[in-house]
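Below: the structure, in structure tokens.
Derivation of every value follows stated rules applied to the coordinates shown; laboratory data play no part. Here the structure is a predicted model, which is why all the values come from computation and not from measurement. With ideal geometry, Cβ positions are generated from the backbone for all residues, glycine too; neighbour counts draw on all protein chains shown.
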Amino acid sequence: MEKIVALCKRRGFIFQSSEIYGGINGFWDYGPAGAELKRNIRDAWWNDVVRTRTDVVGIDGTIITHPRVWEASGHVESFTDPMVDCKKCKGRWRADQLPNTKCPEGGTHEYTEARKFNLMFKTNVGPVEDTGSVAYLRPETAQVIFAQFQNVLSVSRQKIPFGIAQIGKAFRNEINPRNFTFRSREFEQMELEFFIKPGTDADWHERWVKERLKWYESIGLPATALSCYTYKKEELAHYASACVDVMFAFPFGVQELEGIAARGNFDLSQHQKFSGKSMEYFDDETKEKYIPHVVEPSAGVDRIALALICSAYAEEEIAPGDTRIVMRFAPRIAPVKVAVFPLLRNKPPLLEKAQEVFRLLQPHFTTEWDDRGNIGKRYRYQDEQGTPWCVTIDFDTLGEKGLELKDTVTLRDRDTMKQDRVRISELVPLISRRLRG
């Protein structure tokens with residue numbers, strides 16, 4: 001894990017937030033490569049869950065909502081973790097995650113009694129800080145969807161079964177953030193609330209578990225590293241009939257990537273009760289009226305990004321004493337799809353032709369220009385960033401060694417390191433085919 005964390009900083013995936021001031025625990029910034037990686041994860045999820053389906057629509061809700069939203073959902077009353085302190089070293093932990101180390105002040109830790117700690121971040125809306133202005137940063141994106149259910153239903157012309165999806169920031173004041181970006185205080189969620197007819201919960205829940213497992217494989221996580229944890233009856237929330245967590249084998253242990261829960265009609269019923277507004281659905285065909293049940297696949301963008309980074313990281317000995325580090329991202333997820341190199345930076349004809357190729361590729365793919373150092377170092381840099389293909393413009397491209405190779409370039413594959421001569425006119429269709437396949 002130490003090597004992965006070092007690479008994340010060295011290659012611009014993840015930085016400690018406010019690092020120049022000593023950092024702030026539980027918050028992370030994403031550099032150029034990390035920002036592209038997260039965008040590709042979001043785009044892949046939105047495309048596969050929303051755009052290519054006719055039964056899912058999207059919304060983009062606010063981070064701060066009316067505080068009654070969180071009273072209705074139960075977060076104000078019960079969104080808590082048990083917290084303890086050590087009387088000697090003043091360390092603080094969740095009561096169910098106590099350290100197995102000795103106390104720095106000597107001997108064993110001396111813990112206080114566990115007490116409840118609400119994980120929501122409080123803030124105030126307006127110029128006066130009093131009880132009437134208290135609001136919360138949302139701890140999840142789902143409740144905005146439930147609160148807007150009737151509005152979305154009326155404008156989208158959808159019928160049950162259908163889903164409402166959202167991607168956005170959420171905030172939880174974790175007692176003890178840990179494992180790099182896995183458990184953070186600010187994170188990003190991709191949530192779908194799929195509304196269904198009561199009585200069809202088990203069937204739709206099973207369908208969505210299968211769909212989500214297939215999706216993780218489609219973005220490059222190997223099936224061998226994925227598993228499912230099915231909640232026992234006594235582990236379920238009181239309103240849930242089923243819940244399955246999609247798990248991934250991280251270097252620090254098997255941990256949750258996504259939860260897929262059959263939540264019944266708890267959320268809509270609560271908002272109907274607290275707001276006094278109907279959340280019922282009228283079925284034109286059966287003439288039935290009911291509060292829909294819901295299946296909720298809820299995934300974390302940051303956890304998926306970390307899983308992809310851990311899965312992609314590889315070290316290869318390509319010659320005695322020569323080891324290359326390569327990030328084997330699936331091409332659709334890779335931060336940069338193709339890099340363009342002039343063989344030499346001090347030859348104007350090479351630079352001009354390379355810039356022409358760069359401008360050709362840039363509208364179609366995330367493309368990076370690199371003319372620093374020798375060609376071998378450039379390849380190694382792009383390998384560590386996970387770029388699937390590199391295009392080199394050399395003297396053959398200019399026709400200086402014979403006209404038969406004029407207007408061809410070297411296309412180098414990240415995984416095999418194989419280099420092929422390809423016509424410039426064939427680059428866009430060729431890379432497009434490889435991205436799709």
| So what's the angle, to the nearest 10 degrees on a 0 to 90 scale, between helix 201-218 and the longest Cα principal axis of the chain? | 20 degrees
| Which links in Lys353/Lys377; Lys3/Lys38; Lys38/Lys233; Lys87/Lys232; Lys233/Lys273; Lys116/Lys210 stretch past 25 Å when you go from one Cα to the other? | Lys38/Lys233; Lys87/Lys232; Lys233/Lys273; Lys116/Lys210
| Using the Cβ atoms and a cut-off under 15 Å, what net charge is assigned to the surroundings of Ala262, where Lys and Arg are +1 and Asp and Glu are -1? | -4
| note | Low-density loop trypsin sites (Lys or Arg not before Pro), the range 167-235, at most 10 other Cβ within 10 Å, DSSP non-H/G/I/E/B, are Lys232
| Packing-based exposure ordering (other Cβ within 10 Å, fewest first) of Ile291, Ile41, Ile63, Ile164 | Ile63, Ile291, Ile41, Ile164
| query | Where in the range 193-233 is the amide nitrogen less than 12 Å from a point lying 7 Å along the Cα-to-Cβ axis of Thr286? | reply | 196-201
| message | Suppose the chain between Lys401 and Arg345 were pulled fully straight at 0.36 nm per residue; how much longer would it get relative to their current alpha carbon spacing? | response | 18.3 nm
| request: Specify the angular offset, from 0 to 90 degrees and rounded to the nearest 10, of the alpha carbon long axis of helix 32-46 from the longest principal axis of the alpha carbons in the chain. | output: 60 degrees
| task | Please return the longest stretch of the chain lacking exposed loop sites, where GluC sites (Glu not before Pro) count only if DSSP places them in a loop and at most 15 other Cβ atoms lie within 10 Å. | result | 130-279
| field | Least to most buried among Val125, Val340, Val144, Val295 (fewest other Cβ within 10 Å first) | value | Val125, Val144, Val340, Val295
| request: Between beta-carbons, use under 15 Å as the cut-off and find the net charge around Val125, counting Lys and Arg +1, Asp and Glu -1. | output: +1
| request: Treating the Cα atoms of the chain as identical point scatterers in vacuum, please give the log10 of the normalised Debye intensity I(q)/I(0) at q = 0.05, 0.06 Å⁻¹, two decimals. | output: -0.24, -0.34
| Length gained when the stretch Leu360-His238 is fully extended (0.36 nm per residue, less Cα-Cα span) | 38.2 nm
| field | Candidates Phe252, Phe329, Phe180, ranked by Gaussian network fluctuation over the chain, Cα under 10 Å, top entry | value | Phe252
| query | Over the range 342-437, what number does the Rg to Rh ratio reach, with both radii from the alpha-carbon atoms and Rh per Kirkwood? | reply | 0.93
| field | Most positive-pole-ward Cα, Leu257, Val246, His271, against dipole of the range 150-299 from beta carbon charges | value | His271
